[in-house]
2 protein chains.
Amino acid sequence: MNRQGLDTNVICQIGIIVRDIERTAKAYADIFGMDTPKIIITDTEEITHIKFRGAPTQARAKLAFFQMGSLSLELIEPVGDPSTWKEFLDEHGEGVHHIAFRIKGMDEVLESLNEKGISTIQRGDYTGGRYAYVDSTSALGVILELLENY
Amino acid sequence: MNRQGLDTNVICQIGIIVRDIERTAKAYADIFGMDTPKIIITDTEEITHIKFRGAPTQARAKLAFFQMGSLSLELIEPVGDPSTWKEFLDEHGEGVHHIAFRIKGMDEVLESLNEKGISTIQRGDYTGGRYAYVDSTSALGVILELLENY
């Protein structure tokens, strides 16, 4: 399969790294007149098979999701390290970490991006799918996340 | 009018600060299989009435827009200073500068946000409308842009 890029340009999610997810989630709820969402924590490495720069890690994250128009805004508070979440917080402070796209064929897309010089930072599983973050910051000014539901 | 917040939670734009807009626009076009958009430059202060932290400024920006799903991705290369664009580049390097929302009643919305401790960073006019950036980074982890077409 000769894949070129992602085969989509529909942004489905924006991910924002924060220090205190309870506080920030309340601020979004207040300013946008929405309910405060339930805050969840990612599963352990045994379940998510998380790998950061190719190696397993015990890092996790607290997450909260707001539906805002056609996309979801994801708040992310890093828990433990190493992870792309903790690395971003250490290097940049709070801010937008990634924009996400729903793709098909994770390995082929990652290989296609790798051929363009964009390597994989972190990948793992979530209930019903898998994700990968790629190192597109120098090319695009932002990390891309690829999401593939089973 | 007793406005509470923005009266919308529909994200219409993501703005990314870059150092070299020609290079980054080509990278987006390549990775997402899109045409490279025309790069424009904001008008002069005499036309835009740009104010940064309340004072007129000669700062401008080069802009390029990609339509990605229901929202536009805006690349921004700061030209001159002072501006929120140049300040972000100096403090954070390349990255996502803002998420934007279409609102009605700019002054009322800015006053409502000010009452919540979120002040105005920069505002100005564009052909057919006006914009404002607000200092929501400590509350929300990202700057908000408000866009109001006439």
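The values are calculated or read from the model by the stated rules, or taken from the named source; none is laboratory data. This one's a predicted model, so the numbers in the text were calculated from it and none came from an experiment. Counting neighbours? That spans all protein chains shown, and the Cβs are built from the backbone with ideal geometry, glycine included. Note: accessible area is taken over every heavy atom of the protein model, side chains too, but ligands, DNA and RNA are not part of it. Shrake-Rupley method; radii C 1.70, N 1.55, O 1.52, S 1.80 Å.
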How about the stretch A:58-82: which of its residues are over 24 Å from residue B:139 (Cα atoms) and buried (at least 19 other Cβ atoms within 10 Å of the Cβ)?
A:59
In the stretch A:86-102, how many are part of a strand (DSSP E or B) and either more than 8 Å from chain B (Cβ to nearest Cβ) or among the acidic types (Asp, Glu) (or both)?
5
Condition check: touching a helix residue (DSSP H, G or I) at 6+ places or on another chain (Cβ under 7 Å), farther than 18 Å from residue B:129 by Cα and surrounded by 17 or more Cβ atoms within 10 Å (Cβ to Cβ). Does residue B:92 satisfy that?
no
Would you call residue A:30 closer than 30 Å to residue B:113 by Cα, at the interface with another protein chain (Cβ under 9 Å from one of its Cβ atoms) and not in a strand (DSSP E or B)?
yes
Can you tell me which residue among B:59, B:64 is among the small types (Gly, Ala, Ser) and under 19 Å from residue B:11 (Cα atoms)?
B:64
Residue that is farthest from the other protein chains (Cβ to nearest Cβ) [pool: residues in the stretch B:33-56 that are surrounded by 15 or more Cβ atoms within 10 Å (Cβ to Cβ) and closer than 28 Å to residue A:12 by Cβ]:
B:37
Just a yes or no: is a residue in the stretch B:105-119 away from every other protein chain (no Cβ under 13 Å), at pLDDT 95 or above and not in a helix (DSSP H, G or I)?
yes
If I filter the stretch B:120-138 down to residues being open to solvent by 20 Å² or more (accessible area, probe 1.4 Å) and within 14 Å of chain A (Cβ to nearest Cβ), which single residue comes out as farthest from residue B:71 (Cα to Cα)?
B:138
Test result for residue A:143, within 14 Å of chain B (Cβ to nearest Cβ), hydrophobic (A, V, I, L, M, F, W, C), at negative phi and open to solvent by 10 Å² or more (accessible area, probe 1.4 Å):
yes
Mind counting the residues in the stretch B:4-24 that are at pLDDT 95 or above and open to solvent by less than 10 Å² (accessible area, probe 1.4 Å)?
8
If I ask for residues that are surrounded by fewer than 21 Cβ atoms within 10 Å (Cβ to Cβ) and closer than 30 Å to residue A:22 by Cβ, which ones from the stretch B:104-117 would you list?
B:108, B:110, B:111, B:112, B:114, B:115, B:116, B:117
Any residue at all in the stretch A:70-85 that is part of a strand (DSSP E or B), of a type in the set (S, T, N, Q) and closer than 24 Å to residue A:24 by Cα?
yes
